[in-house]
Amino acid sequence: MFKKAAICFLILCLGVAWAQTWQPSWESLDKRPTPQWWLDAKFGIFIHWGVYSVPAFSKVGQYSEWYWHSLVQGQKEYVDFHRNNYGPGFQYADFVPMFKAELFNPDQWADLFERSGAKYVVLTSKHHEGYTLWQNEQANRSWGRPWNAVETGPCRDLLGDLTTAVRKTSVKMGIYYSLYEWYNPIYHSDVNAFVEQHLFPQFKDVVNKYAPAVIFSDGEWDHPSSTWRSEELLSWLFNESPCKDEVVIDDRWGKDTRHKHGGYYTTEYGSGLADASHPWEECRGIAHSFGYSRMETPDDYQSDQSLLLMLIDIVSRGGNFLLDIGPTADGRIPDIMQERLLRMGSWLKVNGEAIYGAATWKKSCQWSKGKVQEAERGEYKKKYDIIELTVAPKPGMAHKELFFTRKGDTVYAIAPDYPDDQLVIRDVKPSSSTKIRLLGHDKDLKWRLKKGEIVVSLPNLMSTPLRHQHAFAFRITQVAE
C-alpha cells in the first residue's frame, strides 16, 4: 500500500514538473502548439458590430467600421454624407443612443452559425472606436462617460448574450479585440499609461468573464509588441486565464509580429498563404466591407459559389476561412448574408468530411485567380506574400483542375463542376483496395487505370439533389503513397 502511494505521489510530482509554463518571450510562446480543435475547424464566422453599424456607410470598396476615422480624416464622401444626413454639429458619440439592437436574437444567430457549418465565431468585443460590447470600467474611465453596450444604446451585454447562445451549440465562441483606440485620450497622451491602466486590465476583464476560444487581436501596427507588452500579456493568457488550454491567438500583437509570431498567421481579402508550414487563416467580408454598409448592392456580394470555392481552395492549402458578416444596428443579420451562410452549410452537410479535420495533399492546386480590389490591399498582399483572391468561374469556363485534401490514406478530390460522364484524376496512385465514392451518393463508383490516370465513371445526377451543388467531392480510399 505504501509503495503504491509513493508511486502515485511520484507520478503527481513528475506531472507538475512536466507541466509547461509559457514564459513572456516569443521564443517560449511560439512553441505553444496551436490547439487541434482550431486546426480541424476550417471554417469560422467573423462578426463586425458596433456603433459604426448605425451610419452603416462606406465608400464602396472600403470598410464601414472605419467610418469615424474616415470622417475625422476628412474623406470627402464621408464628410458629405455625415453633414447631409446628420448635420454639422452631430458627433460620433451621438450615434450611441441609436445603436439599440432591439431585434437582436442571440439564439437565432447561434442557430444560423451552426447551420452554416462554421465551427467557431469571432465577435468584435471592441473595435478601434473603443466602444465595448460588454460592461467595462476601463472604457468608461478612459472616455469619461459610459462607453459600453450595457450602460448605453442596447443596454444589454451583447457579448455575453451571444456567448451564452453560441455555447448551447457545437460552435466555439471567440472575440476580436483591438489593442489601440483611435481617439482614446490616454492612448494619445501616454501609450505606456494606456497599456498599463487600460489595455491590460480591460483585456483580462473580457477574457476572465467570457473565456473565449479564439482571440483575434488587431490594431497593433502603431507600436512594436514590446510597447504593447504582448509577450507578458500572452504569458498570462496561456498560464493563468480560464481559457488557457483551449484559446487560439492570431499574429497581430505588434508591428513586428505579423507572419512571425502567434498561433496562426492572418491574411485579409487575399486568399491566404501557399502551404501549411504554419497555421493560417484568411478573413474577408461577403462583400467589400466587414461592417454592414448600406452602399453595397447585390453586385458587390460574392456569390455562394465563389465563397464555397474560396473555402475549398483555402482548406486545400492548409488554411482556415473566417467569413465575415455585418449585422444592422437593430440586431438583424441581412438576408443576403444569411442566405450565403446557409448555402455554405448545405454543401458542408454533404461534403464536410472532405473539409473538417482534413490535411493538405501534395497535389492540391488552385484553379483560378483574380485581382484584389484595392490598391492598399495590394500593398498588404505584397508585404506579406499573399496569393491573389480566388474568384468564381465565368460562364462557360471549363474546369480541369481539382482541389485535394486528405485524411490518412484517404484522399478527397474536389471538382469545381461536374464532368459530363467521367472524371480523370492524375497524380494519385490507387491500390488494389481503393474505392471511390461521390460524397452524397449511395454507391461506390466504377474506375479504371488508363496510362497511370484514374478514370472514374460518373452517375447521372439530374434526378438527385446533388445536381444543384457548386462543387463535388470524391472520396478515394486506400491511396498508395
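Taken over the range 335-359, the criterion of being closer than 20 Å to VAL54 by Cβ and in contact with a strand residue (DSSP E or B) (Cβ under 8 Å, 6 or more places away or on another chain) is satisfied by MET337 alone. Looking only at residues that are within 11 Å of PRO430 (Cα to Cα) and buried (at least 17 other Cβ atoms within 10 Å of the Cβ) in the range 445-476, which one is farthest from the chain's Cα centre (by Cα)? So, considering only residues that are within 11 Å of PRO430 (Cα to Cα) and buried (at least 17 other Cβ atoms within 10 Å of the Cβ), the one farthest from the chain's Cα centre (by Cα) is TRP447. Residue count for the range 127-153 satisfying the condition of being buried (at least 18 other Cβ atoms within 10 Å of the Cβ) and either under 16 Å from the mean Cα position of the chain (by Cα) or assigned to a helix (DSSP H, G or I) (or both): 5. The set of residues in the range 234-251 being in contact (Cβ under 8 Å) with a residue 40 or more places away in the chain and part of a loop (DSSP other than H, G, I, E, B) consists of ASP245, GLU246, VAL247.
Of the residues making up the range 422-447, those that are in contact with a strand residue (DSSP E or B) (Cβ under 7 Å, 6 or more places away or on another chain), modelled with pLDDT under 95 and not small (Gly, Ala, Ser) are GLN422, LEU423, VAL424, ILE425, ARG426, VAL428, LYS429, PRO430. Checked against the criteria, ILE186 counts as of a type in the set (Val, Ile, Thr), surrounded by fewer than 21 Cβ atoms within 10 Å (Cβ to Cβ) and either in the same structural domain as GLY319 (by TED's automatic domain parsing) or closer than 21 Å to PRO24 by Cβ (or both). A search for C-beta distances below 9 Å between a residue of the range 455-481 that is free of Cβ contacts under 8 Å to residues at least 24 places away in the same chain and any residue that is among the polar types (S, T, N, Q), counting only pairs 6+ apart in sequence or on different chains, returns HIS468/SER346. I want to confirm something. Restricting to the range 38-97 and keeping residues that are within 28 Å of the chain's Cα centre (by Cα) and among the β-branched types (Val, Ile, Thr), which single residue is surrounded by the fewest Cβ atoms within 10 Å (Cβ to Cβ)? Among residues in the range 38-97 that are within 28 Å of the chain's Cα centre (by Cα) and among the β-branched types (Val, Ile, Thr), the one surrounded by the fewest Cβ atoms within 10 Å (Cβ to Cβ) is VAL60.
The values are calculated or read from the model by the stated rules, or taken from the named source; none is laboratory data. Predicted model only: the values in this text are computed from it and were never measured. Here Cβ is always computed from backbone atoms with ideal geometry, including for glycine, and neighbour counts include all displayed protein chains.
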